[in-house]
Amino acid sequence: MMRLEFEGSNLTRRVGNPNIHMVLEYSARTGVSRTLVKGGAKYHTMLLEAFSEHLLGIKVEAHRIKPPDLDLSALRLGFDVPQALETDGFMAVQVKTLSLFSPNRNLKLECTATASSDQQCVTKLLVQAFPGENPLNRNWQINSAHINLYYPPESGKLRSKIITIEITRKGRLNLHKFDARMQAQLEGYLVSLGILDADQTLSANEQQSGENAFQYEPTFQV
């Protein structure tokens with residue numbers, strides 16, 4: 001791409017080579033891997049193949065270690081995890097956004113609960129807006145979702161701290177941005193909903209010990 005870059009003290013316009021930040025998490029015990037990178041499937045494939053060859057020391061095709069597809073249909077009823085509210089300190093949970101595909105996959109629908117929704121789940125708003133034609137009841141497939149978990153505001157503050165889970169049907173998760181304890185907690189919620197199996201988690205104990213799970217963050221020039 002053409003971009004402005006400094007060459008010494010001079011600013012010139014030239015073809016640049018942007019850095020692409022990538023994150024890969026891997027558990028040796030479960031074999032679970034997760035990747036986060038912009039650019040589409042080819043970049044996920046490149047990262048997985050580089051990881052297997054240079055860090056695992058074996059050449060493995062990317063599809064052998066790619067994240068499993070996930071069934072997000074449990075979110076049709078919202079985010080029903082009592083533990084989050086009863087024991088983990090959150091004051092509210094909300095399915096904030098949903099991306100849906102029609103049964104024949106020729107139509108995609110993006111739904112977002114606005115700020116005026118008073119933290120209602122987008123699933124509940126769809127029921128209210130389409131009482132007889134709710135796509136969630138007509139075999140539309142949930143492709144991705146954002147789930148907000150709200151902590152009570154800290155003393156002297158009006159705004160709540162928000163923890164956001166981003167998840168896709170292709171197994172993409174944003175849990176790498178949280179510490180091991182929070183990541184294990186959020187994974188536990190997804191296990192309780194049936195979205196993740198227990199053997200699809202990275203395991204908090206492994207992350208804390210650092211022996212069997214790690215995070216790999218390379219930077220590639222493209």
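How about segment 69-87: which of its residues are in contact with a strand residue (DSSP E or B) (Cβ under 6 Å, 6 or more places away or on another chain), outside any helix (DSSP H, G or I) and among the hydrophobic types (A, V, I, L, M, F, W, C)?
If the condition is that a residue be in contact with a strand residue (DSSP E or B) (Cβ under 6 Å, 6 or more places away or on another chain), outside any helix (DSSP H, G or I) and among the hydrophobic types (A, V, I, L, M, F, W, C), then 72, 79 are the ones that fit.
Condition check: assigned to a loop (DSSP other than H, G, I, E, B) and more than 17 Å from residue 139 (Cα to Cα). Does residue 56 satisfy that?
yes
Please determine, by comparing only the residues of segment 88-132 that are β-branched (Val, Ile, Thr) and not in a loop (DSSP other than H, G, I, E, B), which one is surrounded by the most Cβ atoms within 10 Å (Cβ to Cβ).
Among them, the one singled out is 95.
Among (1) surrounded by 12 or more Cβ atoms within 10 Å (Cβ to Cβ); (2) modelled with pLDDT of 95 or more; (3) part of a strand (DSSP E or B), there is one condition residue 34 misses while meeting the rest; what is its number?
Only one criterion is unmet by residue 34, namely (2).
Can you name the residue in segment 192-222 that is surrounded by 16 or more Cβ atoms within 10 Å (Cβ to Cβ) and within 16 Å of the chain's Cα centre (by Cα) and, of all such residues, is modelled with the lowest pLDDT?
Here the residue is 202.
The values are calculated or read from the model by the stated rules, or taken from the named source; none is laboratory data. What you see is a predicted model, and the numbers here were worked out from it, not measured in a lab. When we count neighbours, we look across all protein chains shown, and the Cβ atoms used for this are built from the backbone with ideal geometry, even at glycine.
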